[in-house]
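Reading through the structure tokens given below for one structure.
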Amino acid sequence: MIFSKKQQDASTPEQITAFILSEMKKTSDQRTMRAKLESRFMLPAETAQMVIDQTVPIALQQAEREKFETHHFPMAIAGGLLAALIGGGVWAAVTYFTEYEAGYIAIGVGLLAGYAVVWMTGGRKGFILQIIAILSGLLAIAIGKYFAVYFIVKKVVAEQYGASIADSISFLSPDFWEGFKEVFWEILSPYDVLWVVLAVYSAWKIPQAFKVQSSPTVTSKKELL
């Protein structure tokens, strides 16, 4: 890649390539990418398009390596369940030891779910994995909330009726499960909604595949003007 001295001072070719690869996960519209290169890195239109054309094969090769196929589905589900159990367990442990429900853990839960499905499928990415990661993150949050309520209930019962009564309450109890379902929507706060949104976003981003075209959308110098 050929850049002027001013362009090299502003950014490196590696940074520009990384930026293009990042944009190719958002859009396949090369005109949009070219416009961003022109404004962000001060590249002339022809140079910006040249860089995009040189980056497309890299993205295509990576997209092929990351392609999700149906036989990856079982491992994706396994990764999602594993992330849900670990994420929910961490949430529960933090609640138990600190007596405080740290909702911001949901962001980490989302990241964990995203990385887990990618890792368990050997680096694959795609829409199906994004959905699995999101569902796994939400399941982890539900598990965390479940145990948070469980610990709170046990504490209140122990204070009012004694430790022996509190110890008799099992998190596997059908009665507790029914009670949890009844109060679940009541205990949600605006912060919980925020954490869920951030968790979903984190889980969505990690397994995101490239949106790349094999042929350039800009083919003539006239179109660059």
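The values are calculated or read from the model by the stated rules, or taken from the named source; none is laboratory data. Source: prediction; values computed, not measured. Please note: Cβ atoms are built from the backbone with ideal geometry, for glycine as well, and neighbour counts cover all protein chains shown. Side chains included, ligands, DNA and RNA excluded: accessible areas come from the protein's heavy atoms. Shrake-Rupley method; radii C 1.70, N 1.55, O 1.52, S 1.80 Å.
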Quiz item: So is Glu46 open to solvent by 10 Å² or more (accessible area, probe 1.4 Å) and closer than 20 Å to Gly126 by Cβ or not?
Solution: no
Quiz prompt | Unmet requirement for Ile169, which otherwise passes all of (1) open to solvent by less than 50 Å² (accessible area, probe 1.4 Å); (2) assigned to a helix (DSSP H, G or I) | solution = (2)
Practice problem: Can you tell me which residue within the range 49-71, out of those that are touching a Leu at 6+ places or on another chain (Cβ under 8 Å), touching a residue at least 40 places away in the same chain (Cβ under 8 Å) and surrounded by 19 or more Cβ atoms within 10 Å (Cβ to Cβ), is farthest from Arg34 (Cα to Cα)? | Solution: Phe68
Quiz item: Within the set of pairs 6 or more residues apart or between chains, which connect a residue that is within 18 Å of Ala209 (Cβ to Cβ) and acidic (Asp, Glu) inside the range 11-24 to a residue that is assigned to a helix (DSSP H, G or I) and at pLDDT 80 or above with Cβ atoms less than 9 Å apart?
Solution: Glu23/Thr32; Glu23/Met33; Glu23/Lys36; Glu23/Leu37
Quiz item: Is it true that some residue in the range 197-204 is part of a loop (DSSP other than H, G, I, E, B) and surrounded by 16 or more Cβ atoms within 10 Å (Cβ to Cβ)?
Solution: no
